[in-house]
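Some notes on the structure that comes next.
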Number of protein chains: 2
Amino acid sequence: MTKAYLALESRFRRMNILADIGGMLHWDMATMMPDGAAESRSEQLATLDVMSNELIKDAALKDLLAEAEGENLSDWQRANLNEMKREWVHGNAVPGDLVEAISRASTACEVAWRTARAENDFAGLLPKLQTVLDLSIEAGTAKAEALGCSVYDALLDQYDPSMSCAKIDTLFADLEAFLPDFTASVIDRQKTEAPAHSPKGPFPIETQKAIGLELMKAVGFDFDHGRLDISHHPFCGGTADDVRLTTRYNEADFTSAIMGVLHETGHAMYELGLPADWRLQPVGKARGMSMHESQSLLVEMQASRSQEFLTYAAPLFKKAFNGEGAAWEAENLYRLYTRVEPGLIRVDADEVTYPSHVILRYRLERALIEGDMKLADLPAAWNDMMQSLLGITPPNDADGCLQDIHWPSGAWGYFPTYTMGAMAAAQLFAAARNAVPGLMDNLAQGDFAPLMIWLRANVHGKGSSATTDEILQAATGAPLQTKAFITHLQTRYGS
Amino acid sequence: MTKAYLALESRFRRMNILADIGGMLHWDMATMMPDGAAESRSEQLATLDVMSNELIKDAALKDLLAEAEGENLSDWQRANLNEMKREWVHGNAVPGDLVEAISRASTACEVAWRTARAENDFAGLLPKLQTVLDLSIEAGTAKAEALGCSVYDALLDQYDPSMSCAKIDTLFADLEAFLPDFTASVIDRQKTEAPAHSPKGPFPIETQKAIGLELMKAVGFDFDHGRLDISHHPFCGGTADDVRLTTRYNEADFTSAIMGVLHETGHAMYELGLPADWRLQPVGKARGMSMHESQSLLVEMQASRSQEFLTYAAPLFKKAFNGEGAAWEAENLYRLYTRVEPGLIRVDADEVTYPSHVILRYRLERALIEGDMKLADLPAAWNDMMQSLLGITPPNDADGCLQDIHWPSGAWGYFPTYTMGAMAAAQLFAAARNAVPGLMDNLAQGDFAPLMIWLRANVHGKGSSATTDEILQAATGAPLQTKAFITHLQTRYGS
């Protein structure tokens, strides 16, 4: 008998359909919606949230979960039940009025943040950010109690279940030991080499889009289940059955939009490859944000910025834009796409300096959440740590501690997933190269199929049936480590 | 005290938000969605329907409605309560399993209809269409009992509350007495006149779109609360706060797309002009399909096909397409836009022959619903009536009784609203011309503002606070009549 379990499937199915509907409305909001509809759209999204919250807080769920525990379930059903329980804990640990308070406070803080960043006014943002922080700690504390872990680990669990501060500390310590000297040596070496030349534009947006579509097709994107549009902040949204990618175009520089499309296509391939039999069930979802970021970085950083792939892409760019001269050669594009330079802004960082941006945010948000630092001291602490990690000091808070939307929007515990994603990407790509003979030759022909077949079998198709570490262990022979990432950096950037 | 009433407002607000969400998903399905997502989208829409159905069938509603009846309500609140009761009756008269059976049967029949029409196979469609008809009669019978009216009137009430067969019979009898001789005389006269010349294309789609947008602006469309896109079947969708219009373009003929945009803009102006204070409440919705069609036909047939407006539009077309010669003159475009010719297809019909298409469908669907005709006899009855009403006989069922999606999709009782809309449009436009001095001169300048101000005060802003006839009585001094429509046809098409 699996009566209780099947009743749960039906309930979670409805929650996930509501989430999918929200995904479509979010996409529309960022790409199609006229500004005047913003308030109505917020109401629609809030209503979906409220209805979904009613479903997860339904009193019957607790008993059904307990009952299903004793039923005779398949491995996938058992894994699905475990994910249901996790979602139940997150949905029930925090009382409804606190959820609402966080939603209101973070919406208000996001709005204030846009002004504060534009006006370099950390003091002006402070009271609202303090409210968001306090409420997030309150929610995190409730979840920590329910999960039996620390507050920071409870927040992290929202984005990458089974990860912990203990693991992150070990991984990041490795990186901190390696990166400073290595980065300095890469920069020194790059100074001695031929400079990279940017191809001269303008580059018509229609042409950029056509190339983006062609490369999405090369990666294996299924246009019967998704599309590419424009938004201010590129993202991969929609649903696993209808993946909506976005990018933004700059007529003066095609390289960023194209690489952005490839990055989002990596996310999309994960969604499109999730186990179809488990669509709309918790176990059928992507494993978490670290694994999600690993898929975008695998396609972007590991595969598409490789010398091999650029030998395929360079002539395509040259032909499409009628380019002439050395700037259009693969060799130059590779130098462009692998330039290393410490900068103030995380989203503009190269893959060598990016981890330092993340480590800084991880240390600071932990200190804030664990009460070891006052929010008022954040700007100074940020600037000190930028200097010690990257050797530069922001001239203002706008390009310092005000640059990211994450904290104002209440996403504490999210930042580490970027760098765990980069490490997982390197680890998975190394395993794929070992497992698939001729993988790099395929990429040099613009053929991602062998790589995607491997990823579908080893990552995408597993959904949330195992933890991040379990998936990595089975696919690569080890849980998340720094080794492959460091080797990748040494191979690509070392002398 | 208005406690029960306010509780009802909160419940109907949620239902209407779900309906708005469905509106956005429908728009996306027709304009943006990749084909592969069709099944998921159906699931999403079905889930919204089920959840909405759960809300209207909630056991608490009956008592709240009874309680609110005795509360001290404003006129608008009282009207809102009346609309809530009407929606409650429609939502509760039919048991859930019958609603589901109709939904399944009509979806299956729609799919079968596409093939049947393409293959001219009425016999193949018959069993599925019979099921839809039988289930629709079953639902109509249940609603008729709850509303205390005939089955056909109950079906009609879904699309135009307070209309009835008795009224329609009187109105259509007037038209039937007038139209045959009049139509013949118009056709004879047009034969003696200079023929209308179609401007020669191709007409680039981008230019057609630009003109469409310019004319939408002229009508007063608010682009902060809506947009224009492309779909196979043009429609006006989305929500009252975010109206999504669509059209389709033909490179060989710009006149139909432009007039289609103006038609949909008429629908849109109604939605955009609904009483903002009552958004998401039953009383804040458009009055019904007759009134809705009156607004599109008022903008298209009454205003935009007038000689006055075409003197404004003709130079605009000529300039945009670099046109040359007599075909681009207002006089010729007017002749093009007012050509009368009996044809087989309703959606291609001119405004003189259109009512005959509707009368035919009204008579046939009533006979089917009231058991006076067998479905198997439909094709012969259709062809006979086409011959008697329009003097032509379809060479096949594809261009006869298989041409419309309405019956396969279960929309019995809908057809009369097209012609009631045409009559209401003429009646309202005549009243507006009387009330607003210089209205036609304004249109000759491309200025719809005075017309729209009048419509907003007399129609749009009333939402569903009164019946169709009450709104017309207040705006024009009479309930729905044929007089203004006949006068309009005589003035425009008479000798």
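The values are calculated or read from the model by the stated rules, or taken from the named source; none is laboratory data. Note that the structure is predicted; figures quoted are calculated from it, not measured. Here the Cβ is made from the backbone with ideal geometry for all residues, glycine too, and neighbour counts use every protein chain on show. Surface areas here come from the heavy atoms of the whole protein model, side chains and all, with no ligands, DNA or RNA. Shrake-Rupley method; radii C 1.70, N 1.55, O 1.52, S 1.80 Å.
General remarks:
- Checked against (1) more than 23 Å from A:Gly238 (Cβ to Cβ); (2) modelled with pLDDT under 95; (3) open to solvent by 30 Å² or more (accessible area, probe 1.4 Å), A:Val50 meets all criteria but (1).
- Qualifying residue in region B:427-450 (condition: touching a Gly at 6+ places or on another chain (Cβ under 8 Å) and open to solvent by 20 Å² or more (accessible area, probe 1.4 Å)): yes
- Filtered residues of region A:257-271 (kept if within 27 Å of A:Lys318 (Cα to Cα), of a type outside the set (A, V, I, L, M, F, W, C) and either open to solvent by less than 10 Å² (accessible area, probe 1.4 Å) or at pLDDT below 95 (or both)): A:Thr265, A:Gly266
- Residue in region B:186-207 that is without any contact (Cβ under 8 Å) to a residue 60 or more places away in the chain, surrounded by 21 or more Cβ atoms within 10 Å (Cβ to Cβ), part of a helix (DSSP H, G or I) and in contact with a helix residue (DSSP H, G or I) (Cβ under 9 Å, 6 or more places away or on another chain) present: no
- Those residues of region B:370-385 which are part of a helix (DSSP H, G or I) and open to solvent by less than 50 Å² (accessible area, probe 1.4 Å), in sequence order: B:Leu375, B:Leu378, B:Pro379, B:Ala381, B:Trp382, B:Asn383, B:Met385
- Restricted to region B:1-94, the set of helices (runs of 4 or more DSSP H) holding at least 1 residues that are acidic (Asp, Glu) and at the interface with chain A (Cβ under 9 Å from one of its Cβ atoms) comprises B:3-31, B:38-56.
- Filter result (open to solvent by less than 10 Å² (accessible area, probe 1.4 Å), of a type in the set (Gly, Ala, Ser) and over 14 Å from B:Asn458 (Cα atoms)) within region B:394-426: B:Gly400, B:Gly413, B:Gly421, B:Ala426
- Filter result for A:Leu125 (under 22 Å from the mean Cα position of the chain (by Cα) and surrounded by 21 or more Cβ atoms within 10 Å (Cβ to Cβ)): no
- Among (1) over 18 Å from A:Tyr493 (Cβ atoms); (2) open to solvent by less than 20 Å² (accessible area, probe 1.4 Å); (3) of a type in the set (Asp, Glu), the one test that A:Glu324 misses: (2)
- So B:Ala457, is it assigned by TED's automatic domain parsing to the domain that holds B:Trp278 and either touching a residue at least 12 places away in the same chain (Cβ under 8 Å) or in contact with a strand residue (DSSP E or B) (Cβ under 8 Å, 6 or more places away or on another chain) (or both): no
- Pair list, Cβ under 6 Å, 6 or more apart: region B:270-284 residue under 15 Å from B:Ala466 (Cβ atoms), other residue of a type in the set (Ser, Thr, Tyr) and open to solvent by 20 Å² or more (accessible area, probe 1.4 Å): B:Val283/B:Ser465
- Within this structure, A:Asp35 passes the test of being farther than 26 Å from B:Arg11 by Cβ, surrounded by fewer than 15 Cβ atoms within 10 Å (Cβ to Cβ), at pLDDT below 95 and not aliphatic (A, V, I, L, M).
- Here A:Trp88 does not qualify as closer than 25 Å to A:Asp372 by Cβ and either touching a strand residue (DSSP E or B) at 6+ places or on another chain (Cβ under 6 Å) or buried (at least 17 other Cβ atoms within 10 Å of the Cβ) (or both).
- Odd one out for B:Leu6, checked against (1) more than 23 Å from A:Asp224 (Cβ to Cβ); (2) aliphatic (A, V, I, L, M); (3) open to solvent by less than 70 Å² (accessible area, probe 1.4 Å): (3)
- The listed residues are A:Leu156, A:Leu175, and the only one of them that is under 24 Å from the mean Cα position of the chain (by Cα), under 30 Å from A:Asn82 (Cβ atoms) and in contact (Cβ under 8 Å) with a residue 24 or more places away in the chain turns out to be A:Leu156.
- The residues of region A:148-170 that are modelled with pLDDT of 95 or more and surrounded by fewer than 22 Cβ atoms within 10 Å (Cβ to Cβ), listed by number, are A:Gly148, A:Cys149, A:Ser150, A:Asp153, A:Gln158, A:Tyr159, A:Ser164, A:Cys165, A:Ala166, A:Lys167, A:Asp169, A:Thr170.
- Residue in region A:297-308 that is under 14 Å from the mean Cα position of the chain (by Cα), surrounded by fewer than 21 Cβ atoms within 10 Å (Cβ to Cβ) and under 30 Å from A:Asn80 (Cα atoms) present: no
- In the set (1) open to solvent by 30 Å² or more (accessible area, probe 1.4 Å); (2) within 26 Å of the chain's Cα centre (by Cα), the condition left unmet by B:Lys62 is number (2).
- In summary, A:Pro315 fulfils each of the numbered conditions (1) closer than 30 Å to A:Arg361 by Cα; (2) open to solvent by 10 Å² or more (accessible area, probe 1.4 Å); (3) modelled with pLDDT of 95 or more with the single exception of condition (1).
- Look at (1) open to solvent by less than 40 Å² (accessible area, probe 1.4 Å); (2) within 17 Å of the chain's Cα centre (by Cα) and you find that B:Tyr354 fails only one, number (1).
- Look at (1) in the same structural domain as B:Cys401 (by TED's automatic domain parsing); (2) over 23 Å from the mean Cα position of the chain (by Cα); (3) in a helix (DSSP H, G or I) and you find that B:Thr170 fails only one, number (2).
- Positions within region B:386-427 being part of a loop (DSSP other than H, G, I, E, B) and of a type in the set (Phe, Trp, Tyr), in sequence order: B:Trp407, B:Trp412, B:Tyr414, B:Phe415
- Within region B:473-495, being in a loop (DSSP other than H, G, I, E, B) and closer than 14 Å to B:Val340 by Cα holds for B:Gly494, B:Ser495.
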